[in-house]
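Note sheet for the following structure.
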Amino acid sequence: MKYDIFVSYRRSDRELVASVVRRLESRNVRVWYDAEIEGGADWRETIVDALTNSEMLAIFFSDECNNSRQLKKELAVADSLGKPVVPILIEDTQPRGAYLYELADRNWIQIFPEPMDRIEELVEHLVTLAGKNDGGGIGGARPSDILKPEAKNDNAMTAPAPANDVVAETEQPLDAAVGEFIAGADQPARAAPKIAKAYVGRVDQPGKVIRKLQDIPPFKWIDWAFLAPIWIGIATWMILGSAGQVPADESDSFVAAIALVGIAATGLYGSVVFPVRYYLRRRPVFEALWKYLISMLMIFIAGAGIVLAGIDRGYMQYSDLGDYLQIFGIIWAVFAVIAFIVYGVLAGQRAIRSFRSNIRKI
């Protein structure tokens, strides 16, 4: 069965949600919520099937939602299918943790204080989003129609739209991120959008499902301009040394020193550049942290491999290896801790300010 709206909520808010659902159904809006689950049914399969067959997800967000694992799954399914996600703030709270980063950059609808007194306004808004307002809402369109890109002039020289309305993610320019942080987000509340595609993806990419950039490792072409000369120099000296083109007394210490400097330089470069890059891509703190750790581990293993190759060529003694790797491992760890303390503070503040700026009145 097809539904117009899939409703997600916490049990403590059931009275409010039931009142909204009854009014929506009286307006010919097909709504699914957990009262539809039959006894003995596999509720996980039922929820995924209902969400897949719904035009949008409406989340009645209260403080208890921050502890809901089920809501995370429903949000992930909706995003993967490119569904509009309409978070409705029903009390004076804010999302935390993963929810803050998943929902901060979306349009929110605020109905507190006294949400029971604003049910009719909310119902009217949801009816409009569902395309059922006065027999069809905006232009008589359903959400699936609203989400379709507008017709283009056949003679216009434009690139084809991405499949399934997917847009490739881009990094926020550093100067824009700094300006955004300084300016803050203390803006007057604006009216909530009345078209469904405004609730797909981020506020700055309405109607688009975001395809994330490669994060492991988060290299860009400019990185090689800094790192490639070091590693090319190491490889060159090893090749020349193995071919006997460089005297052993010159190559041994030089190649060993260059290899260790390469590991140190790469580690320090990554500990500074990678957190900044994750910040510009708006990654949650813990997501950025584990991606950073995996990326740096990959680089560390590659650097250690080069040092081991140097040992095979006689450029370094095995007795030195453990000490050197331990020293550089500690240095990398210290820089990572410092970087992510700063990262966590900045990213958390930005997410909170973004969330507050995206709350809309109805």
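Summed over region 1-18, the residues that are touching a helix residue (DSSP H, G or I) at 6+ places or on another chain (Cβ under 9 Å) and either buried (at least 16 other Cβ atoms within 10 Å of the Cβ) or not assigned by TED's automatic domain parsing to the domain that holds V77 (or both) give a count of 10. Residues satisfying the criterion are present in region 33-46 (criterion: free of Cβ contacts under 8 Å to residues at least 60 places away in the same chain and among the polar types (S, T, N, Q)). When R96 is tested against (1) in a helix (DSSP H, G or I); (2) out of contact with any Ser or Thr (no Cβ under 6 Å at 6 or more places or on another chain); (3) modelled with pLDDT under 95, just one condition goes unmet, and that condition is (1). When L71 is tested against (1) assigned to a helix (DSSP H, G or I); (2) over 20 Å from V209 (Cα atoms), just one condition goes unmet, and that condition is (2).
May I ask you to verify whether F340 is assigned by TED's automatic domain parsing to the domain that holds W231, at pLDDT below 85 and not hydroxyl-bearing (S, T, Y)? Judged against the criteria, F340 is not a match.
The values are calculated or read from the model by the stated rules, or taken from the named source; none is laboratory data. No experiment lies behind these values; they were computed from the predicted model shown. FYI the Cβ positions are ideal-geometry reconstructions off the backbone, even for glycines, and counts take in every protein chain you see.
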